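Participant: I have a structure I would like to understand better, so I am pasting it below and will then ask my questions one at a time.
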Amino acid sequence: MPLDLHRIDDRLIHGQVVVGWGQPLELRVIVLVDDEVAGSEWEQDLYRMGVPPDMTVVFCTVADAVAQHATFVADARHAMLLTGDIDTMARLCAELPAIRRVNLGGIHHKPGRHQRLRYVFLADDEEQALRALAGRGVEITAQDLPSARPVPLAELLAGATSA
Amino acid sequence: MSSLSHPQPHVTPASLVGVAAPPLPLATRLRIVIRLFAIQASWNYEVLMGSGIGFCVEPALRLLPGGQGGEAYRAALARQSQYFNAHPYLAAIAVGALARAELEGQPPARIERFRTALCGPLGSVGDRLVWVGLLPTASWFALVLFGLGVGAPGCVLAFLLLFNVAHVALRLWGLERGWRAGLGVAQSLAHPLLREGPTRLARLGTFLSGVAVPLVIARLVGDSLAASAIAVAVALGGAGVLVYLHGRVEGWRIALVVAVAALAFLLVRHA
């Protein structure tokens, strides 16, 4: 499937996405789903600066992404769909049963969040949202880079916490 | 990331740079420049370079209404010390732009989104410009000098001078560009230095490597046929091993083994 990865990463477009996943998956398109960025030209300008010339960034609201998801899947170019938070991905999954797997790529420290992995910090309501998503049959794993071991959600949430 | 339940109106870059910022006093500028050299000193897995950004922006925040320790100062310092990641040298652009955004009194939610959006481009452009461009090019330049007969201390000095002058200049330039552009800094990132620089430096580095390798080998092993044949055989064998190890062993382990082997060779040779 050309839409190879559905990833949650609060840094959105950065080196791990562009190089870490971009090169092995031969990504040519990044579908960035964020209601605010989709309406903010200066943010789009900045995110476009972070990708090489042969990579295209498509900025979508959740509604746009739902409407165009089948088009992205049918596209011959390899693509990654990226959201900045769990809520956006959960809204997409609710509308798109075709999303069977979700990758937690980076959710960083903020007041109220507990550390689960070096690159995953979760608040209680975010953990519940992930459990609900898994309950609907979506396979959730944390994996920052392709060379790292994918950590299943159950293992992630069972791990030791540190504030 | 701020909540999606508070969508912001569409904002064009022109409206982001039109606000007059107060002039940045020379003393403040100097404090920031000195602090830029310690931007990674408190690097950690929780906020990465975030506290470093807060440390570097802090002298400018003293100019906020209420001064050092005031309410605006404390809120801005807390905001600027949150998670941030970028290339340490190009982070100077972020420091300048964020200081300007804070002193212009931009809304906190907008500043936070701006910080998030800056990490990606400053990281990827910086990696390509410095780690893939400047560092190898400066190293190959020093090796060319060695191949041409310059003594070892001279080569090391040339490398240190070239690399350090370049990165100090990059930091000073970045701080100035960021401060001038504020939230409209995307246009600065389209500057030829950042757009064309990585590719041109990488090309220059590749060219210098082609010049340096034969010169260095000639100086090390002499120009007898037997010595040259041994050097070529070692190079071919090494290339074969590298191709085999690619993807099997991490690069830094290979580099460590090669460095130790080179040291051992030198010790044996001079014993």
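Participant: Tell me yes or no: at least one residue of region B:130-145 is at pLDDT 90 or above, farther than 30 Å from A:ASP10 by Cα and not in a helix (DSSP H, G or I).
Facilitator: No, because not a single residue in region B:130-145 is at pLDDT 90 or above, farther than 30 Å from A:ASP10 by Cα and not in a helix (DSSP H, G or I).
Participant: Right, something else. Report yes if some residue within region A:33-43 is out of contact with any helix residue (DSSP H, G or I) (no Cβ under 8 Å at 6 or more places or on another chain) and within 9 Å of chain B (Cβ to nearest Cβ); otherwise report no.
Facilitator: yes
Participant: Further question on the same structure: Residue under question is B:TRP179, and the condition is that it be buried (at least 16 other Cβ atoms within 10 Å of the Cβ) and over 27 Å from A:VAL19 (Cβ atoms); does it hold?
Facilitator: It is true that B:TRP179 is buried (at least 16 other Cβ atoms within 10 Å of the Cβ) and over 27 Å from A:VAL19 (Cβ atoms).
Participant: Only one of (1) over 22 Å from B:GLY105 (Cβ atoms); (2) modelled with pLDDT under 95; (3) not aromatic (Phe, Trp, Tyr) is not met by B:THR12, so which one is it?
Facilitator: Looking at each condition in turn, B:THR12 falls short on (1).
Participant: Okay, next question. Identify the residue in region A:69-128 that is hydroxyl-bearing (Ser, Thr, Tyr) and under 12 Å from the mean Cα position of the chain (by Cα) and, among all such residues, is farthest from the other protein chains (Cβ to nearest Cβ). Step through it out loud before you land on a result.
Facilitator: Filtering region A:69-128 for residues hydroxyl-bearing (Ser, Thr, Tyr) gives A:71, A:83, A:88, A:119.
Pick out the ones that are also under 12 Å from the mean Cα position of the chain (by Cα) and you get A:83, A:88.
On the way: A:THR83: 10, A:THR88: 6 Å.
Per the criteria, the residue is A:THR83.
Participant: Mind checking which residues of region B:94-151 are over 28 Å from A:GLN23 (Cβ atoms), among the small types (Gly, Ala, Ser) and either under 14 Å from the mean Cα position of the chain (by Cα) or within 13 Å of chain A (Cβ to nearest Cβ) (or both)?
Facilitator: Listed by number, the residues that qualify are B:ALA97, B:ALA101, B:ALA109.
Participant: I need the full set of residues from region B:176-200 which are under 21 Å from B:ARG110 (Cβ atoms) and more than 14 Å from chain A (Cβ to nearest Cβ), in order please.
Facilitator: B:TRP179, B:ARG180
Participant: Got a sec? Which strands (runs of 3 or more DSSP E) wholly within region A:84-146 have at least 3 residues that are touching a residue at least 60 places away in the same chain (Cβ under 8 Å)?
Facilitator: By residue number, A:101-106.
Participant: While we're here: Going by what's in this entry, would B:ALA41 be described as at pLDDT 95 or above, in the same structural domain as B:ARG100 (by TED's automatic domain parsing), under 22 Å from B:GLY178 (Cα atoms) and surrounded by fewer than 17 Cβ atoms within 10 Å (Cβ to Cβ)?
Facilitator: Yes, satisfied.
Participant: Another one. For region A:1-37, what are the residues that are at pLDDT 90 or above, in a loop (DSSP other than H, G, I, E, B) and more than 19 Å from B:PRO121 (Cβ to Cβ)?
Facilitator: A:LEU25, A:GLU26, A:ASP35
Participant: Suppose we filter B:ARG100, B:ARG74, B:ARG79 for residues that are charged (D, E, K, R) and touching a residue at least 60 places away in the same chain (Cβ under 8 Å); which single one remains?
Facilitator: Details: B:ARG74 fails: touching a residue at least 60 places away in the same chain (Cβ under 8 Å); B:ARG79 fails: touching a residue at least 60 places away in the same chain (Cβ under 8 Å).
Exactly one of B:ARG100, B:ARG74, B:ARG79 is charged (D, E, K, R) and touching a residue at least 60 places away in the same chain (Cβ under 8 Å), namely B:ARG100.
Participant: Which one of the conditions (1) surrounded by fewer than 24 Cβ atoms within 10 Å (Cβ to Cβ); (2) at the interface with chain B (Cβ under 8 Å from one of its Cβ atoms); (3) more than 14 Å from the chain's Cα centre (by Cα) does A:ASP10 fail to meet, given that it meets all the rest?
Facilitator: (3)
The values are calculated or read from the model by the stated rules, or taken from the named source; none is laboratory data. All values reported here derive from a predicted model rather than from experimental measurement. Heads up, the Cβs are rebuilt from the backbone with ideal geometry, glycines too, and the neighbour counts pull from every protein chain shown.
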